[in-house]
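Down below is the structure, laid out as structure tokens.
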There are 2 protein chains.
Amino acid sequence: MTTELEQQIAAAQEAVTKQGDTVRSLKASLKEGKAEKSEVDVAIQKLAELKLALESKQKEFEKTTGKVSSQSKEALRAALAGVLERRMFYIPSFKIYGSVAGFYDYGPPGCAIKQNMTQVWRTHFVLEENMLEVECPAVTPEVVLKASGHVDRFTDFMVTDVATGECFRADHLLEGHLEALLEDKKNPVSPEKAKVIRDLLAGVGELKADTMGAALTEYDVRAPGTGNAISPPFAFNLMFKTSIGPKGDMVGFLRPETAQGIFVNFRDLLYYNGGKLPFAAAQIGNSYRNEISPRAGLLRVREFTQAEIEHFVNGDDKRHPKFALVADLRPLLYSRELQMGEEKKAQPMSLGEAVSRGIIANETLAYFIGRTWLFFCKIGVNPARMRFRQHLQHEMAHYATDCWDGEVETTYGWVECVGLADRSAYDLKAHSAMSKIDLTAFEKFPEPRMEEVVKVVPNNKELGAVFKKDQKAVKEALEALDSNAALDVKAKLESGQAATVSSCDGQTFEIKAGMVEIKKVTEKVTGKTYTPSVIEPSFGIGRIMYCMFEHCYYTREGDETRAVMGFKPVVAPTKATVFPLVQKPALNELAGRISRELTAAGLSNLIDTTGNTIGKRYARTDEIGVPFAVTVDFASVEGDGSVTLRERDSMTQVRVPAGEVAVVIRDLVDDRTSWEAVTGKYPAQKAPADDE
Amino acid sequence: MTTELEQQIAAAQEAVTKQGDTVRSLKASLKEGKAEKSEVDVAIQKLAELKLALESKQKEFEKTTGKVSSQSKEALRAALAGVLERRMFYIPSFKIYGSVAGFYDYGPPGCAIKQNMTQVWRTHFVLEENMLEVECPAVTPEVVLKASGHVDRFTDFMVTDVATGECFRADHLLEGHLEALLEDKKNPVSPEKAKVIRDLLAGVGELKADTMGAALTEYDVRAPGTGNAISPPFAFNLMFKTSIGPKGDMVGFLRPETAQGIFVNFRDLLYYNGGKLPFAAAQIGNSYRNEISPRAGLLRVREFTQAEIEHFVNGDDKRHPKFALVADLRPLLYSRELQMGEEKKAQPMSLGEAVSRGIIANETLAYFIGRTWLFFCKIGVNPARMRFRQHLQHEMAHYATDCWDGEVETTYGWVECVGLADRSAYDLKAHSAMSKIDLTAFEKFPEPRMEEVVKVVPNNKELGAVFKKDQKAVKEALEALDSNAALDVKAKLESGQAATVSSCDGQTFEIKAGMVEIKKVTEKVTGKTYTPSVIEPSFGIGRIMYCMFEHCYYTREGDETRAVMGFKPVVAPTKATVFPLVQKPALNELAGRISRELTAAGLSNLIDTTGNTIGKRYARTDEIGVPFAVTVDFASVEGDGSVTLRERDSMTQVRVPAGEVAVVIRDLVDDRTSWEAVTGKYPAQKAPADDE
């Protein structure tokens, strides 16, 4: 059986290699304008599927032969955390002062990865889509966040230990308590009770203050640690508050998201874009949330980097001109239907099908789902462990049309890394109402059209006689009616009833026949004024980094202590290391020259002249995920003038002339060549004995 | 006379061109390892000097012939501000809500320039110098800023209008008032009085609360606008305050500088660097200062990006291994001596000479001055309008060894853009004292040395008898004495006096003979433990951007309404524009293909199919400083297959085959070729009539 499997694996491996070549040649053709973007994307998708098939075969093999031990989630997480902290990818902030929960510092490799990932994001989205990038302050005056709803509604429910005053998130406490009840083997709950508890658990996120309080009381939830009674739950606003200016009279907050900076600039951005829609604006920057109980490392922190896009579009036409380029991609979709169904499992489906079947609301939203999926593939998240989960109806804000979360599978379960939401025209309307500034766009029709419009003509004399000083307010209220509301008034008046209209400050007035004339007329219309809808893809950079860390981490076969971070070259913090085989001036000199050439080519690199064994040096660089290593030996300076170039994951090695190695690595990092092509071109070198 | 000058200008121009070629060929040799970095830097320096000579000749020419009208500072500033706001380089934040002073948004071109400049900084400093980059949160717990001194001393003096409560910076009010007195032509002050006022003006920054208050009273300074009396000056802390966590009991501030994040991580960074010194850490991030009265656009804002370096070094040896690479650079130095002298003018001086003459305190500080100067040249600040000004003795903190500000000349005067300070071991000692964590480094001597050391041996029995429960504290206080303090105690005791020692919690104890034995002994010492000194170069990115804007801005000769932002290609937000000459499908198609090729080469570009005249389209792109423009005409699709490539500053044009143009622009942006070389290689094209 093993032999048959091994043959299948070899065949799958060959298919992956072949398809990899196809992708690369298509990419080259694309650059020369001889291929379409869609062809490349389809080929990439095909490649991902083939890799998936290979991986599943490999897993089957591992299971059958037991060659790779299956680490538990916790062990894997702890081992990875060890590498991440030891190598200073990130560490708790303010360590010498005992740290503060929810704050992390990125050390040198973490910092470099974050920049590389952000740069890939910027190229993939901002540059390729011609988005308008902006950068706005984090300190934000209250009025902006009042308009957006954050001052009133950006809250979590909190409870306190009545004796110690310690604070807890109410939903976390309740969830923990209920899960413990279900798992309690000594005092098992009845099947009926278990169902009640499971239903409650599924809906914890939707509870209000009173229902949350009732549930905490019913299950007698107590403060962890002390067992004391807890307070009733109350809403705690998650924004950091401060004061702007010297007088102390202007309340400010640290922004809880970067999006609002784009919305308040909509008018200037529209002007910048020549008045044309659709267009997208983007912002990368830090946001702040004063979490009640931060946990799970980078996954829930109080200061974090977001990359957000606001795509402004006419709500009547959400087609996307480039949709065809992603229509054939087949990411895992976890639709509302699948979540409510029996199997509760995401399924691959082409985005074209998802839109045509009405599963994804429109082309623009689906386009960004496709682009997001390609971005995750680029940076090294395993596409087989990433899905797009649709929000259930009750999860969405009332104004939202459709929302999907990009989720990645980790040892913490499925982690939400991206939110993709069609937010309709809510945001611009809210800011327009608060600021009294017009935030509409005008769409000029190609030809003026004759259209039936509803005209409202107030009878000033009659209004003046009845409403006196309120005449103006009533007139304005009538003129502000939209077509449907005006026709409602007309119908009421014609049937002999009175109608009611409201002024913008909330007064209501009773309208009777004769006070207003409402009629349908046909007019020449040159265009349409509308408040644009917004499609918002919002990325949490730190979360994506953490998920990528989990997917890239592995240990060398047969040695679980030898950790490898298998970063994609484009993301890797250091692209290459240079080792003189032994400590000799001539070798050090050549190593120095190669290092300078790598730097000149813009490639971050490390030179290691410690004189440790090559194996030890490889082990160190494996931990920070350096994809390529150059070793300089005596032959390099006295013999053939070549150096050894080694690829991290395959551990295969070739001999490359010293003068060419920087160019070869540059091409590998930029994906202009593949390791297969390099091993085809240059002679192989057997690994030294201490490499294993 | 004009003719002679013109000849001189031509010769100077030729010298610049020739030297430019030398620099480029040296750079190429450097990449191949055939030239030294120092040779390149010297050549760059020479080029800058030649450019300077050319510029001075050109200015003389302008003055003599009057060909370019001299705009006043205010007119230039207003004209530039018009371009910057119209093209959305940056605009006041929260505009639709009436804006908040001291906050700016970067629009698309500003955002791109900021990223490009930051990337140049990162390559120039972090990558080339192998610095350890970190990223720390802006939200900082109080203890960190208590240790650094910001909680107690990061203040400005403020006064308020006693009637309206409006707030003003005391020093700004006093300065404005004194300057008005000096400039008052109607009631001129006496020469004696004028001298007194000028002396006071020069020292406004050094006044304390009482002397500031006395001066405000003496000159009867009143609130601007209202003329009301003002309050006495009081210290206002410039940090934004907030609260961390749900309990509201942990005070936090937004960091006023990024440096502290590096200091608190010193121990981990030293470990990361294998325990070796010197090393430098760097951080790019936002800092926050709640300025009392923000003004002057980007020059004084409440949220701004800093790029800071902390170079940790043994205070006994501040030589720098790469100093030779910058020793021959000759930036304008404005030493203490020159500032106190008659001429009050900066002078060019080689950094080697400045160090050897003791003008700059040490090689490491001078090395960073040189690197900073090269950075400013790279991003397009005019080196003739940049100087390094040394702090006068009374400007420096007591612990600082030497400080220089990198200043750039603008219409606002000389603007401080970079601070370069030798801060001794102050910062690490302050954090070590507050956190009780050891922040020292250990230098192992190449060979163990026999050294005379001072030994302190407390007499436990005697101490116990005298101090009882305080015995331990006294013993620790004695053992903590450094060599000099111990010898002082020894001398006192031997002369029959009592000595006093202090415990770390501030208690003092009287020590008498017999309580301790203090002796000099010769011991084998393997190394030395010390708190490293810090050399800190600190860059204000927004200020540098604004200064660069002023230096790059000019108008087309003969048309002061045609603004050009003459950005260096590496900094320019958009590298190229693509114009179809007229609106025809074949032309649009080729333009689209070239645009895609530019994008694939990582070059931001704009395609303009508006059908406006080419002249109008050039004018638009000149304003956002696009260095290269590609025009597609009928010959491009039906004739020779070439397109027109135009360089912004010279407005000269060449014909380049359509398939080569992306590569040519990539090489120009990366400085791998020059425009002179391109015009030498490809045939020239006369500008169309509407270009002017």
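The values are calculated or read from the model by the stated rules, or taken from the named source; none is laboratory data. Because the structure is a prediction, the values reported are computed rather than measured. Ideal geometry is used to build each Cβ from the backbone, glycine not excepted, and the neighbour counts take in all protein chains shown. The protein model used for the area step is the full one, side chains on, heavy atoms only, and it has no ligands, DNA or RNA in it. Shrake-Rupley method; radii C 1.70, N 1.55, O 1.52, S 1.80 Å.
When we measure straight from the Cα of B:Lys681, which lysines land under 27 angstrom away, once same-chain ones fewer than 8 places off are left out?
Cross-link targets: A:Lys31, B:Lys18, B:Lys27, B:Lys31, B:Lys34, B:Lys46, B:Lys51, B:Lys378, B:Lys568, B:Lys575.
Considering the options B:Ile284, B:Pro294, B:Met396, tell which one lies farthest towards the positive end of the dipole of chain B, charges being +1 on Lys and Arg and -1 on Asp and Glu at the Cβ, about the Cα centre.
Going by the charge dipole, the pick is B:Ile284.
Would you mind telling me the share, in percent, of accessible area of the range A:155-237 contributed by carbon and sulfur at probe 1.4 angstrom?
On the range A:155-237, the fraction of accessible area on carbon and sulfur atoms equals 56 percent.
Report, in degrees rounded to the nearest 10, the 0 to 90 angle that the Cα long axis of helix A:209-218 makes with the longest principal axis of chain A.
For helix A:209-218, the angle is close to 60 degrees.
Comparing the chain by itself with all protein chains present, which residues of the range A:119-133 are at least 40 Å² less accessible (probe 1.4 Å)?
Buried by 40 Å² or more upon assembly, which counts only protein chains, are A:Leu127, A:Glu133.
I want the local charge near A:Thr140. Using Cβ-Cβ distances under 14 Å, sum +1 for each Lys or Arg and -1 for each Asp or Glu among the other residues.
+1
Which value in nm describes the separation of the simple spin-label points at A:Lys344 and B:Leu201, placed 7 Å from the Cα toward the beta carbon?
Between A:Lys344 and B:Leu201, the label points sit 7.8 nm apart.
Per residue in the range A:151-171, which ones lose no less than 20 Å² of accessible surface when going from chain alone to all protein chains (1.4 Å probe)?
When all protein chains are present, A:Cys167 each give up 20 Å² or more of accessible surface.
With each label point set 7 Å from Cα along the Cα-Cβ vector, what nm distance links B:Lys455 and A:Arg319?
Placing both labels 7 Å beyond Cα along the Cβ direction yields 9.3 nm.
What do you get for the angle between helix A:585-600 and the principal long axis of chain A? Use alpha-carbon atoms, 0 to 90 degrees, nearest ten.
The answer is roughly 20 degrees.
Over the range A:447-529, with the other protein chains present, what is the accessible area per residue in square angstrom, probe 1.4 angstrom?
In whole numbers, the range A:447-529 has 66 Å² accessible per residue.
Can you pull out the trypsin sites (Lys or Arg not before Pro) in the range B:89-195 that DSSP calls coil and that have at most 10 other Cβ atoms within 10 Å?
Within the range B:89-195, the qualifying trypsin sites (Lys or Arg not before Pro) (loop, at most 10 other Cβ atoms within 10 Å) are B:Lys185, B:Lys186.
For an R0 of 35 angstrom, estimate the FRET efficiency from the Cβ-Cβ distance between B:Ala79 and A:Glu479 and round to the nearest 0.05.
0.20
Work through the residues other than A:Ala662 whose Cβ is under 13 Å from its Cβ and net out their charges, Lys, Arg +1 and Asp, Glu -1.
Around A:Ala662, the surrounding residues sum to 0.
For the range A:68-219, give the magnitude of the charge dipole about the Cα centre (Cβ charges: +1 Lys/Arg, -1 Asp/Glu; no others), in debye to the nearest 20.
That gives the range A:68-219 a dipole magnitude of about 580 debye.
Could you work out how far apart the two model spin labels at A:Val251 and A:Arg620 are, taking each label as a point 7 Å from the Cα in the direction of the beta carbon, and quote it in nm?
The answer from the label model is 5.4 nm.
Using a probe of 1.4 angstrom, how much of the accessible area of the range A:574-681 is carbon and sulfur, in percent?
Looking at the range A:574-681 in its full context, I get 52 percent from C and S.
Please give the Cα centre distance for the range A:195-253 versus the range B:438-471, rounded to the nearest Å.
Cα centroid of the range A:195-253 versus Cα centroid of the range B:438-471: 54 Å apart.
Which of the trypsin sites (Lys or Arg not before Pro) found in the range B:428-499 are in a DSSP loop and have at most 10 neighbouring Cβ atoms, other than their own, within 10 Å?
B:Lys436
Considering only DSSP states other than H, G, I, E and B, which chymotrypsin sites (Phe, Trp or Tyr not before Pro) in the range A:519-596 qualify as loop sites with at most 12 other Cβ atoms within 10 Å?
In loop regions of the range A:519-596 (DSSP not H, G, I, E or B), there are no sparsely surrounded chymotrypsin sites (Phe, Trp or Tyr not before Pro).
Give, as a single signed number, the net charge of other residues whose beta carbon lies under 15 Å from the beta carbon of B:Phe539, with Lys and Arg counted +1 and Asp and Glu -1.
That works out to -4.
Helix B:541-552 versus the longest principal axis of chain B: what is the Cα-based angle in degrees, 0 to 90, to the nearest 10?
40
Roughly how much accessible area, to the nearest 100 Å², goes out of reach of solvent when B and A pair up, both sides summed, probe 1.4 Å?
Answer for the B-A pair: about 6500 Å² buried.
Tell me, what is the per residue accessible area of the range B:547-692 in Å², probe radius 1.4 Å?
41
Counting only pairs 8 or more residues apart or on different chains, how many lysine pairs in the range A:164-286 have their Cα atoms under 29 Å apart?
Lysine pairs satisfying the spacing and distance rule in the range A:164-286 number 6.
What is the magnitude of the charge dipole of the range A:574-681 about its Cα centre, with +1 placed on the Cβ of each Lys and Arg, -1 on the Cβ of each Asp and Glu, and no other charges, expressed in debye to the nearest 20?
Using only the charged Cβ atoms, the result is roughly 200 debye.
Mind checking A:590-602 for the average number of partner chain beta-carbons within 10 Å of each residue's beta-carbon?
Across the residues of A:590-602, the mean count of other-chain Cβ atoms within 10 Å is 3.
Among A:Tyr546, A:Thr621, A:Val466, flag the residue with its Cα farthest along the positive direction of the charge dipole of chain A, charges on Cβ as +1 for Lys/Arg and -1 for Asp/Glu.
A:Val466
Per-residue ellipticity at 222 nm for chain B, helices alone: DSSP H runs ≥ 4 residues times -39500 (n - 2.57), over residue total, nearest 500 deg cm²/dmol?
-12000 deg cm²/dmol
Rank B:Trp675, B:Trp373 by accessible area, highest first, at a 1.4 Å probe radius?
Ranked list, largest accessible area first: B:Trp675, B:Trp373.
For the protein assembly as shown, with only Lys/Arg (+1) and Asp/Glu (-1) charged at the beta-carbon, what is the dipole magnitude about the Cα centre, in debye rounded to 20?
60
Does the range B:504-609 come out rounded, prolate or oblate, given a ≥ b ≥ c as the square roots of the eigenvalues of its C-alpha gyration tensor, rounded meaning a/c under 1.5 and, failing that, prolate meaning a/b above b/c?
Since a/c reaches 1.5 and a/b is larger than b/c, the shape of the range B:504-609 is classed as prolate.
How large, in percent, is the carbon and sulfur part of the accessible surface of the range A:455-498 at a probe radius of 1.4 Å?
Carbon with sulfur: 48 percent of the solvent-accessible area.
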